[in-house]
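Here is the structure we will look at, set down as structure tokens.
The values are calculated or read from the model by the stated rules, or taken from the named source; none is laboratory data. Given the structure is predicted, the values throughout are model-derived calculations rather than measurements. Virtual Cβ from ideal backbone geometry, glycine too; neighbours counted across all protein chains shown.
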Amino acid sequence: MSGGDLHWTARTGAALRGTLSVPGDKSVSHRAIMFAALAEGVSRIEGFLEGEDARATEAVFRRLGVSIDAPGPGRRVVHGVGLHGLRGVDGPLDCGNAGTAMRLLAGLFAGQAFDTTLVGDVSLSKRPMRRVTEPLARMGARIDTGEGGLPPLHIHGGTPLKGIEFETPVASAQVKSALLLAGLYAQGTTTVHEAQPTRDYTERMLAAFGWPIDFAPGHARLEGGHRLQAMNVIVPADFSSAAFFIVAATLIPGSELRLRRVGMNPRRVGLLHVLRLMGADIHAESADEQGGEPVADLVVRHAPLRGIEVPEEHVADMIDEFPVLFVAAACAEGATVVRGASELRVKESDRIGTVAAGLRALGIRVDETPDGATVHGGAPGGGRIDSHGDHRVAMAFAVAGQMASAPVRIDDIANVATSFPGFDAMAREVGFGLD
């Protein structure tokens with residue numbers, strides 16, 4: 001069955017009540033598998049995301065000779081092979097829909113002794129890769145791309161790498177991470193400077209696995225030639241997955257929802273800051289740290305929202321949450337203005353265009369710009385939405401349907417399984433109208 005054959009119908013449900021544990025963080029799950037595979041010794045991972053993207057990364061390392069046991073859901077035991085212990089294989093390695101996997105692996109495989117070819121699904125095959133391959137080439141990597149700098153990527157092995165100092169032209173944790181991973185194999189020092197700080201999952205986890213690394217917001221530096229040591233990783237709940245319930249509980253009158261052990265990486269929680277500026281009632285409790293990552297319980301209560309001009313300093317820290325922010329803006333009083341989000345044009349879909357078209361189908365006025373949009377708050381009506389295979393767009397409109405005056409049909413939802421398997425069942429459990 002193709003993705004276009006699967007759909008949801010979202011309609012007004014009940015006030016959201018209860019306690020939820022959303023799946024593990026996808027970004028941390030990818031990196032936990034990668035670093036555990038390259039470490040010396042046996043690592044245990046708890047809270048691993050059982051989604052297609054993270055499993056695609058796991059499958060790649062299995063093919064390269066890493067033994068990975070799965071003793072139960074969300075649990076992995078990874079028998080590390082060391083930095084130089086991967087074994088090349090014939091045929092391409094399939095990243096599925098995982099852009100994070102493809103871009104990070106491009107850096108990692110640039111330092112291997114063997115050639116590799118990375119392929120992806122139809123959506124991933126349309127995503128730009130030059131932003132990664134060009135700076136890697138400055139380090140000495142040889143990577144061939146498809147036409148227009150798109151996948152597949154053919155990475156030539158046996159090429160000596162040298163550390164470089166690089167200033168990223170676009171805010172991208174994936175580009176930074178690809179260079180740092182290549183830097184593990186490079187001679188000398190690799191330094192990345194960012195005009196706008198991005199997520200530091202790679203830096204935090206490298207340090208946790210024992211690699212000497214110097215990092216601060218907007219800056220990271222490491223030297224090649226060290227080792228990764230096995231460790232146990234507890235993956236926090238994924239903030240991007242929690243975001244749909246945070247917005248829904250904010251919007252739906254009478255709601256009070258507790259979200260357990262949510263990852264609170266400072267470079268990830270821009271949506272929290274923006275929603276609070278709009279008037280949301282969200283409290284963090286039981287703050288702690290897991291696997292180098294800060295976590296907290298989030299308690300969300302219904303509160304009326306007002307439109308704002310979104311501060312640009314929060315944009316890079318909420319790039320995955322814009323579909324559901326646009327839904328919040330559609331239900332707020334007044335206009336919400338977003339600028340500086342051109343990266344949304346090259347995600348799984350053109351997220352600005354896709355979400356704007358969906359909101360218009362529900363009767364909401366949206367003025368698009370090249371790097372953002374103005375969403376004029378109102379009362380969403382019913383309609384039919386094409387998610388264009390974008391998992392975050394599909395889930396965002398499931399939230400919109402809870403506030404709509406008539407049912408909302410959401411088409412092409414198969415890719416939701418890449419990041420949040422079981423979203424619909426969990427949503428119904430706390431009060432969503434969704435079938």
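Would you mind finding the one in Leu271, Leu257, Leu277 that is surrounded by fewer than 23 Cβ atoms within 10 Å (Cβ to Cβ), hydrophobic (A, V, I, L, M, F, W, C) and either over 11 Å from His302 (Cβ atoms) or touching a Gly at 6+ places or on another chain (Cβ under 9 Å) (or both)? Walk me through how you get there before you give the answer.
Values: Leu271 fails: surrounded by fewer than 23 Cβ atoms within 10 Å (Cβ to Cβ); Leu257 fails: surrounded by fewer than 23 Cβ atoms within 10 Å (Cβ to Cβ).
One residue alone meets the criteria, Leu277.
Restricting to region 222-244, name every residue that is touching a Phe, Trp or Tyr at 6+ places or on another chain (Cβ under 7 Å) and either surrounded by fewer than 22 Cβ atoms within 10 Å (Cβ to Cβ) or of a type outside the set (S, T, N, Q) (or both).
So the first thing to find is which residues in region 222-244 are touching a Phe, Trp or Tyr at 6+ places or on another chain (Cβ under 7 Å), and the list is 222, 224, 226, 228-229, 231, 235, 241.
Hits for region 222-244 are Leu222, Gly224, His226, Leu228, Gln229, Met231, Val235.
Looking at (1) buried (at least 23 other Cβ atoms within 10 Å of the Cβ); (2) more than 23 Å from Glu343 (Cα to Cα), which is the only condition Gly163 fails?
The number of the failed condition is (1).
Any idea how many residues of region 191-239 are over 29 Å from Glu312 (Cα atoms), under 19 Å from the mean Cα position of the chain (by Cα) and small (Gly, Ala, Ser)?
Selection size over region 191-239: 0.
Name the residues in region 346-375 that are charged (D, E, K, R) and modelled with pLDDT under 90, would you? Explain how you work it out, then say what you get.
Within region 346-375, the subset charged (D, E, K, R) is 347-348, 350-351, 360, 365, 367-368, 371.
Those that are charged (D, E, K, R) and modelled with pLDDT under 90: Lys347, Glu348, Asp350, Arg351, Asp371.
Anything in region 180-201 that is closer than 13 Å to His219 by Cβ, in contact with a helix residue (DSSP H, G or I) (Cβ under 6 Å, 6 or more places away or on another chain) and either part of a helix (DSSP H, G or I) or of a type outside the set (A, V, I, L, M) (or both)? List them, or say none.
Kept after step one, since they are closer than 13 Å to His219 by Cβ, are these residues of region 180-201: 180, 189-198, 200.
Of the ones still in play, those that are also in contact with a helix residue (DSSP H, G or I) (Cβ under 6 Å, 6 or more places away or on another chain) are 180, 190, 192, 196, 198.
Within region 180-201, Leu180, Thr190, Gln196, Thr198 meet the criteria.
Name the residues in region 187-209 that are surrounded by fewer than 17 Cβ atoms within 10 Å (Cβ to Cβ) and free of Cβ contacts under 8 Å to residues at least 40 places away in the same chain, would you?
Those that are surrounded by fewer than 17 Cβ atoms within 10 Å (Cβ to Cβ) and free of Cβ contacts under 8 Å to residues at least 40 places away in the same chain: Gln187, Gly188, Thr189, His193, Ala195.
I want to confirm something. Restricting to region 65-106 and keeping residues that are at pLDDT below 95 and polar (S, T, N, Q), which single residue is nearest to Ala36 (Cα to Cα)?
Among those that are at pLDDT below 95 and polar (S, T, N, Q), it is Thr100.
Only one of Arg351, Arg365, Arg306, Arg339 is in the same structural domain as Gly401 (by TED's automatic domain parsing), under 25 Å from Ser172 (Cα atoms) and surrounded by fewer than 20 Cβ atoms within 10 Å (Cβ to Cβ); which?
On the way: Arg351 fails: surrounded by fewer than 20 Cβ atoms within 10 Å (Cβ to Cβ); Arg365 fails: under 25 Å from Ser172 (Cα atoms); Arg306 fails: under 25 Å from Ser172 (Cα atoms).
Answer to the check: Arg339.
In region 287-301, what residues are surrounded by 12 or more Cβ atoms within 10 Å (Cβ to Cβ) and not acidic (Asp, Glu)?
Gln290, Gly291, Gly292, Pro294, Val295, Ala296, Leu298, Val299, Val300, Arg301
Among the residues of region 390-435, which ones are in a helix (DSSP H, G or I) and in contact with a Pro (Cβ under 6 Å, 6 or more places away or on another chain)? Steps first, answer last, please.
Of the residues in region 390-435, the ones in a helix (DSSP H, G or I) are 391-403, 414-418, 423-430.
Those that are in a helix (DSSP H, G or I) and in contact with a Pro (Cβ under 6 Å, 6 or more places away or on another chain): Arg392, Val393, Ala396, Ala400, Met403.
Consider Leu136 against the criteria (1) in a helix (DSSP H, G or I); (2) in contact (Cβ under 8 Å) with a residue 60 or more places away in the chain: it satisfies all of them except one. Which criterion is unmet?
Going through (1) in a helix (DSSP H, G or I); (2) in contact (Cβ under 8 Å) with a residue 60 or more places away in the chain one by one, Leu136 breaks only (2).
Only one of Phe109, Phe209 is farther than 25 Å from Glu293 by Cα and among the aromatic types (Phe, Trp, Tyr); which?
Values: Phe209 fails: farther than 25 Å from Glu293 by Cα.
When all the criteria are applied, what remains is Phe109.
From the list Phe61, Phe114, Phe109, pick out the single residue that is aromatic (Phe, Trp, Tyr), surrounded by 14 or more Cβ atoms within 10 Å (Cβ to Cβ), over 27 Å from Asp200 (Cα atoms) and at pLDDT 95 or above.
Values: Phe61 fails: over 27 Å from Asp200 (Cα atoms); Phe109 fails: over 27 Å from Asp200 (Cα atoms).
Step by step, each of Phe61, Phe114, Phe109 is checked, and only Phe114 is aromatic (Phe, Trp, Tyr), surrounded by 14 or more Cβ atoms within 10 Å (Cβ to Cβ), over 27 Å from Asp200 (Cα atoms) and at pLDDT 95 or above.
Search region 373-390 for residues being buried (at least 22 other Cβ atoms within 10 Å of the Cβ) and touching a residue at least 60 places away in the same chain (Cβ under 8 Å), and hand back the single one that is farthest from Glu429 (Cα to Cα).
Filtering first and then ranking leaves Val375.
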